[in-house]
Amino acid sequence: MGDISIHKQVQRILYATTVQEVWEPLLNRLKSVGFHHVLYGFTRFHTDSGFGDDNDHLFLTNFCPEYMKGYFLEGRYRHGPMVRWAVENSGACSWSWIAENHAHLNDKEREVVAFNQTSGVTAGYTVAFPHSLKRAKGAIGMSLEPFKGTQEEADAIWSEHGDEIEVLCGVAHLKLISMPLPKRMLTKRQREVLEWISDGKTVADTAQILGLNKATVEKHLRLAREALGVETTTQAVLKASLHNQIFTF
């Protein structure tokens, strides 16, 4: 693929205003080189104890619902060997890493490997993105057609297109994490009250500014806390900010 085409794809992603406008050109390019199935994930809430609430993550994929039921909804992704690699590293890694390190995998990781083998998802690459934020983790996995492609074929694709793919995935990732998280969307009024509270205004100040009574402001703050899955307004302001829910509309 020539530089002009790369520039056009990057430009399209940079000017995107929705998640879908970022995802589609990235997915189309990966499919065009042979990576037909893709799974992207990002969270700002990873800790040593795990990934936390799935509602705080952004997941994008074109894997079939049956596979995602077993891999995502049943929680196997939390124990995926390449997920562990992505948490501990940054850059690109061939899925040959799994076979090379199979002796060092724990029982849950080996169960995920067995599940993927049964599903034919065995040949591909993972790209883990570097982050300056301690709890932020993001990665994208891409697979050849289940039961058809081999890891040798995936490695050959990467040898030819890997640098371009890393750039395109990196640009898409940076664009995606600047957008509001779809699962934690607040109403316009909830965003307004959180924005004024984050500016240091009291409930009474916020009520006066918005032409509401204090009880109504308190109600919107409570609903915002519930929508964000937190207990305090301070947490709500922080989480809304991390999810790009305030001062972005």
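The values are calculated or read from the model by the stated rules, or taken from the named source; none is laboratory data. As the structure is a prediction and not an experimental result, all values here were calculated from the model. Virtual Cβ from ideal backbone geometry, glycine too; neighbours counted across all protein chains shown.
Numerical summary
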item	result
Positions within region 43-82 being more than 24 Å from residue 152 (Cβ to Cβ), in contact (Cβ under 8 Å) with a residue 24 or more places away in the chain and part of a loop (DSSP other than H, G, I, E, B), in sequence order	44, 45, 46, 51, 53
All positions within region 99-126 that are of a type in the set (D, E, K, R) and surrounded by 17 or more Cβ atoms within 10 Å (Cβ to Cβ)	109
Region 25-42, residues that are in a helix (DSSP H, G or I) and either over 15 Å from the mean Cα position of the chain (by Cα) or more than 29 Å from residue 135 (Cβ to Cβ) (or both)	25, 28, 29, 30, 31, 32, 33
Extreme residue, surrounded by the fewest Cβ atoms within 10 Å (Cβ to Cβ), among residues of region 191-217 that are over 17 Å from residue 246 (Cβ atoms) and of a type outside the set (Val, Ile, Thr)	211
Residue ID - farthest from residue 117 (Cα to Cα), chosen from residues in region 56-67 that are surrounded by 13 or more Cβ atoms within 10 Å (Cβ to Cβ) and modelled with pLDDT of 95 or more	60
Filter pass, residue 70 being more than 13 Å from the chain's Cα centre (by Cα) and at pLDDT 95 or above	yes
Identity of the residue in region 127-177, among the hydrophobic types (A, V, I, L, M, F, W, C) and farther than 28 Å from residue 244 by Cα, that ends up surrounded by the fewest Cβ atoms within 10 Å (Cβ to Cβ)	147
Verdict on residue 206 being among the β-branched types (Val, Ile, Thr) and within 25 Å of residue 64 (Cα to Cα)	no
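This table checks each residue for (1) under 15 Å from the mean Cα position of the chain (by Cα); (2) assigned by TED's automatic domain parsing to the domain that holds residue 74.
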position	(1), (2)
129	yes, yes
142	yes, yes
152	no, yes
160	no, yes
196	no, no
200	no, no
220	no, no
